[in-house]
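The next block holds one structure in the form of structure tokens; read it before the comments.
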Amino acid sequence: MQLPVDGIRLNQINFVAIKQQLDNELRAGHSFRLRLEPWTEKRSLSQNAMFHAWMRELSRYLIQHGRPYCNPDWCKDAMKFTFLGFEDTTYTDVTTGAQIVRETLRHTSKLKTGEMFLFMCKVQAWCLDIGCFLKVPNTSEFFELQRNQEA
């Protein structure tokens, strides 16, 4: 049985089908590690779009304040370096099969909605500390999540 790396969303609709697959695998003598955790969504496209807009704003601000090298990609990497850190990534040489593990910046695409919200809060706070006021439209998902935290 092949499951997606991120797991599967178990609910009443697919429970019987998944149970049947697991029954077959268990009867065949296979064993599994099962970990149940509440389902949470990955970071949304809305969050991603706002984060990229923020990096363009931050870049303009930093360039205007004497840092000409601070393009949006640099800003994105700097924020990820500062607030997300690194993860191990395995690379395989396709000709020799040799593998090497290197540290790479964490990817925002792998964050859950709450993790991305926390990351963006840290970025926003840092930007405020340096005098860069990032726009947060009151129609944005970030604004809504922020208001829910304050309630």
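Read-outs throughout are calculated quantities, based only on the coordinates presented, and are distinct from any laboratory measurement. Owing to the predicted nature of the structure, the values given are computational and were not obtained by experimental measurement. When we count neighbours, we look across all protein chains shown, and the Cβ atoms used for this are built from the backbone with ideal geometry, even at glycine.
With charges set only on the Cβ (+1 for Lys and Arg, -1 for Asp and Glu), what does the dipole of the range 45-150 come to about its Cα centre, in debye to the nearest 20? Write down the numbers at each step before the final one.
Numbers: 12 positive and 12 negative charges, 51 e Å.
For this selection, approximately 240 debye.
If the chain between residue 19 and residue 125 were fully stretched, how many nm would it gain, using 0.36 nm times the residue separation less the Cα-Cα distance? Walk me through the numbers on the way to the answer.
Numbers: separation 106, 0.36 × 106 = 38.16 nm, distance 4.61 nm.
Here the answer is 33.6 nm.
Tally Lys/Arg at +1 and Asp/Glu at -1 over every other residue whose Cβ is under 10 Å from the Cβ of residue 86; what's the total? Net charge in that neighbourhood comes out at 0. The count of lysine pairs in the chain that are at least 8 places apart or cross chains, and whose C-alpha atoms lie under 22 Å apart, stands at 16.
With r as the distance between the Cβ atoms of residue 149 and residue 67 and R0 = 41 Å, compute the FRET efficiency 1/(1 + (r/R0)^6) and round to 0.05.
Working: r = 31 Å, r/R0 = 0.76.
Calculated value: 0.85.
Under the classification rounded if a/c is under 1.5, otherwise prolate if a/b is larger than b/c and oblate if not, where does the chain fall, given a ≥ b ≥ c as square roots of the Cα gyration tensor eigenvalues?
On the way: a/c = 3.60, a/b = 1.63, b/c = 2.22.
Since a/c reaches 1.5 but b/c is at least a/b, the shape of the chain is classed as oblate.
In the elastic network of the chain, a GNM with C-alpha springs shorter than 10 Å, the most mobile of 124, 21, 47 is 21.
I need the chymotrypsin sites (Phe, Trp or Tyr not before Pro) found in the range 7-64, filtered to DSSP loop residues with at most 16 other beta carbons within 10 Å of theirs. Numbers along the way, then the final one.
Working: sites: 15, 32, 39, 51, 54, 61; in loops: 32, 39.
The qualifying sites are 32, 39.
Dipole of the chain computed with +1 at Lys/Arg Cβ and -1 at Asp/Glu Cβ about the Cα centre; of 84, 143, 31, farthest Cα towards the positive end is 143. Of the candidates 95, 104, 82, which one comes out as most mobile in a Gaussian network treatment of the chain with C-alpha springs shorter than 10 Å? In this elastic network of the chain, the residue with the biggest mean-square fluctuation among 95, 104, 82 is 95.
Run the simple label-point estimate for residue 28 and residue 10 please: 7 Å along Cα→C-beta, distance reported in nm. Here the modelled spin labels are 2.0 nm apart.
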